[in-house]
Structures are given as structure tokens and as C-alpha cells.
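Okay, structure first, notes after.
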Amino acid sequence: MSFMGDVKSKFFLTTTAAGTAVVAALARPTSTFTLTGTSFGTNIGKQITATTAGSSDGGKTVALVGVGVDGAALEETITLPGSATTTAGTTNYFASVTSATVSAQPAANVSLGILTTSAGQVFGGPTRVRQANVYSGGAIGSVNFRTTSVSGTALLVVRTNATEGNNTTVNIPQDGVYFPVGGAFVTFDETDCNAVTVYFDG
């Protein structure tokens, strides 16, 4: 007999487009940045970037404090580049940012932004994904359902359509796709996908 669980749904929506000054506008704070954007959608986390306007701030850092996609407190530090460019982005995905503090006042303006990549936690424990509705962002790409963490192995991959807003529905037969102890996470790029609904056992 097939496994019978309590099926729940979770909706993921990116509402803030990527940009170099989404979190904080260009400034030279002596301590903390004035935040202009602190969250980025529904159940969505983003990687944070720092963009420098000068070339004399290499080695200075920005300490970020916020909340991760699992709802737990999250901290990560960005090291500013030594040229007028943008950092690659944090390793972690921030669902929200509560503060950003510089180690020393920058010599030139610095802004904080977000990348196009998005991530969210479907469920924090063992679960089975039963169905996924994926809405295209206007390009062909992939939505990855990963085990254990946002960088874990993709146990389910759904391709998006080139038509923006197009809905791809995947109904998984039998007992669904099983995600073990670490739980299930979803990752996608906002150019490929802007929303996902997941049906899972929880």
C-alpha cells in the first residue's frame, strides 16, 4: 500500500528583482548601513552582494545579520573587493537582513544588493514531495529540489518554459520523491522561475 501522509503545500515567490543596491544604497557608513530592502519575497532567500565604487577598500568587511531560509538566525561576513566591482555574493541565502555593519568606514561608496539566485526550505525533516507547480520567469531553466541543504544534491529537477507565467505541473507517482533527515529545499534563478508551489508530506 502507498504511504499516506498529511499533504501540505508551500508557496515560494520572488518579489524583488536582483540589483546591486537592493539592500542598501551607495554610502560610506561609519558603522551600520541604512537598509532599504530587508526581505525579498514569500519564503525566499537571496545571496547578498557588496559593490564598491573605489579601489581602496579591499580587506574591509561587512558583517551581515539576519534570518536564513530555515527560519534560524544567520550571520555571514563579506570581504570588500580591492577594486570598483561587485562581490560574488554570500554563501548563505538570507530570507531577511536585520543589520549590515562595516569593519571600518569605506573610502568610497559601497552598496549592498542581491543576486538572481533564489532558495527556500520546503520542509526541515524527512518528507516526500508529491507535486510541484513551477511558474516560468520568461526563460528556459531548471528548478532544483535539493536534499539536506540549498547546496545539496538535486533529487528532482523541473524545467521551466520560455513563456513568462507559464505553469509546469509535475505530479509524482507512487510515494513521491523521498527527502531524508536533512529535509527538502528548492533553488532557482529568477530569470527562469518566479514562483513555485510544492505539495509535500509534513
With a 1.4 Å probe and all protein chains kept in place, how much accessible area does VAL67 have, in Å² rounded to the nearest 10? 50
Overall form of the stretch 1-87 per C-alpha gyration tensor (a/c, 1.5; a/b vs b/c): prolate
For SER55 the rounded accessible area (nearest 10 Å², probe 1.4 Å, non-protein molecules ignored) is 90
For the chain, set up a GNM with springs between Cα atoms under 10 Å and report which of VAL69, VAL134, VAL158 has the largest fluctuation. VAL158
Quick one: grab the alpha carbon gyration tensor of the stretch 115-202, order the square roots of its eigenvalues as a ≥ b ≥ c, and give me rounded if a/c is under 1.5, else prolate or oblate depending on whether a/b is larger than b/c. oblate
How high is the relative contact order of the chain, in percent, with contacts defined as C-alpha pairs under 8 Å that are six or more residues apart? 26
Specify the residue with the greatest mean-square fluctuation among TYR135, TYR93, TYR178, computed from a Gaussian network of the chain linking alpha-carbon atoms under 10 Å apart. TYR178
Run the accessible area of the stretch 13-115 with a 1.4 Å probe and give the carbon-and-sulfur part as a rounded percent. 49
Give me the dipole magnitude in Debye, nearest 20, for the stretch 92-190 about the Cα centre, with unit charges on the beta carbon: positive for Lys and Arg, negative for Asp and Glu. 220
Inverse mean reciprocal Cα-Cα distance (Kirkwood Rh) of the stretch 4-54, Å: 13.5
Any chance you could run the full-extension gain for SER9 through ILE140? It's 0.36 nm times the residue separation minus the Cα-Cα distance, nm to one decimal. 44.7 nm
Might you work out the accessible area of GLU75 for me, using a 1.4 Å probe with all protein chains in place, and round it to the nearest 10 Å²? 140
If one computes the Cα centroid of the stretch 17-68 and of the stretch 151-170, what distance in Å separates the two points? 29
First check a/c for the chain, with a ≥ b ≥ c the square roots of the eigenvalues of its C-alpha gyration tensor; if it is under 1.5, answer rounded, and if not, answer prolate when a/b is larger than b/c or oblate otherwise. prolate
Mean accessible area per residue over the chain (1.4 angstrom probe, all protein chains present, square angstrom) is 44
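The values are calculated or read from the model by the stated rules, or taken from the named source; none is laboratory data. It should be emphasised that the depicted structure is a prediction, and the values quoted were computed from it without experimental measurement. Because the Cβ atoms are built from the backbone with ideal geometry, glycine has one as well, and the counts that use them run over all protein chains shown. We work out accessible area using only protein heavy atoms, side chains counted, and drop any ligands, DNA or RNA first. Shrake-Rupley method; radii C 1.70, N 1.55, O 1.52, S 1.80 Å.
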